[in-house]
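A.B. asks: Input: one structure, supplied below.
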Amino acid sequence: MACVQGFVIPVKHGNKQAYRDLAAKAAPVFLGGGAIRIVECWEDDIPDGKLTDFRRAVQAKEGEAIVFSWILWPDKATCEGAHDKMMNDERMVPDGPLPFEGDRMIYAGFDTVYDSGDGGTFGYVDGMVASVTADKREAFVEHARYMAALFREKGASRLVDGWNDAIPDGKLTDFKRAVQAKEGETVVFGWIEWPDKATRDAAWGALMQDARMMENPPVWNGPLAIFGAFAPIFDTAG
């Protein structure tokens, strides 16, 4: 089964190019270790939530943007096997100070439990993180499959959903705290790829009027889920 390493990172707006340059430098190392694809996305529309949101997830400060990114691997074994090799690769050593504060970055591995298939390059992304009761994996996958059909009908090029494989505890932040996951809950991480923002905006407008959206309610904890819209700034696929 394919797996995803998901990341949410606070980066100062002025460090956007430096962050992209760092991603471009590290990408060949990940690809050499067996990664399939690396994508970095910069915030475009991050709504404030009542209880949780992407900014609170990484304790974002004034003047910081949210980066939503992922590394896709063919399987967990390849990902784990590449880790030590990459950490000892001199290409992973930054040329100077990191363009972000690593202690507030959140990251984890996820089993790719649903993937509608490679849609090629894309111009816009909806990202999501949520908590789900651990025994609802099959229901989560079935809901993802149902919703993917609707989104693809409206122009989405790819939908991917990951189920928590290993969520590390962070000192300041982590995925569990990001969505206030409780005992007996796990975390899911997913995204929707769109050709462009215009297609995405038109699709959401139509979907909000589509009765089918309510016929299969989500199994995740809706009030604590976090959502955001992003534009890709680096993609090894093109």
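A.B. asks: If you take the beta carbon distance between D44 and R212 as r and set R0 to 35 Å, what does 1/(1 + (r/R0)^6) give as a FRET efficiency, to the nearest 0.05?
C.D. replies: Calculated value: 0.85.
A.B. asks: Assuming R0 = 25 Å, what is the FRET efficiency of Q17 and Q180, from their Cβ-Cβ distance, to the nearest 0.05?
C.D. replies: Efficiency computed from Cβ-Cβ geometry: 0.15.
A.B. asks: If the only charges are +1 at each Lys and Arg Cβ and -1 at each Asp and Glu Cβ, what is the size of the charge dipole of the chain around the Cα centre, to the nearest 20 debye?
C.D. replies: The dipole of the chain has a size of about 240 debye.
A.B. asks: Let me ask something else about it. What full-extension length gain, to one decimal in nm, is calculated for K76 and A149 as 0.36 nm per residue of separation minus the Cα-Cα distance?
C.D. replies: Separation in residues times 0.36 nm, less the Cα-Cα distance, equals 23.6 nm.
A.B. asks: Averaging over all projection directions, find the projected area of the Cα convex hull of the range 17-150 and quote it in nm² with one decimal place.
C.D. replies: Numbers: hull surface 41.2 nm².
Mean shadow area of the hull around the Cα atoms is 10.3 nm².
A.B. asks: So how far, in whole Å, is the C-alpha centre of the range 1-80 from the one of the range 121-194?
C.D. replies: That distance is 15 Å.
A.B. asks: Moving on to the next point. Stretched out fully, how many nm does the piece from M1 to H83 gain, at 0.36 nm a residue minus the Cα gap?
C.D. replies: This chain segment gains 27.7 nm when fully extended.
A.B. asks: Apply the Karplus curve 6.51 cos²θ - 1.76 cosθ + 1.60, θ = phi - 60°, to the phi angles in the range 207-216 and return the couplings in whole Hz, x for Gly and Pro.
C.D. replies: Result, rounded to whole Hz: 5, 5, 9, 8, 4, 5, 5, 9, 7, 9.
None of the figures in this text is laboratory data; all of them are computed from the coordinates on show. Values in this document were obtained by computation on a predicted structure and should not be read as measured data. Cβ coordinates were reconstructed from backbone atoms using ideal geometry, including for glycine residues, and neighbour counts include every protein chain displayed.
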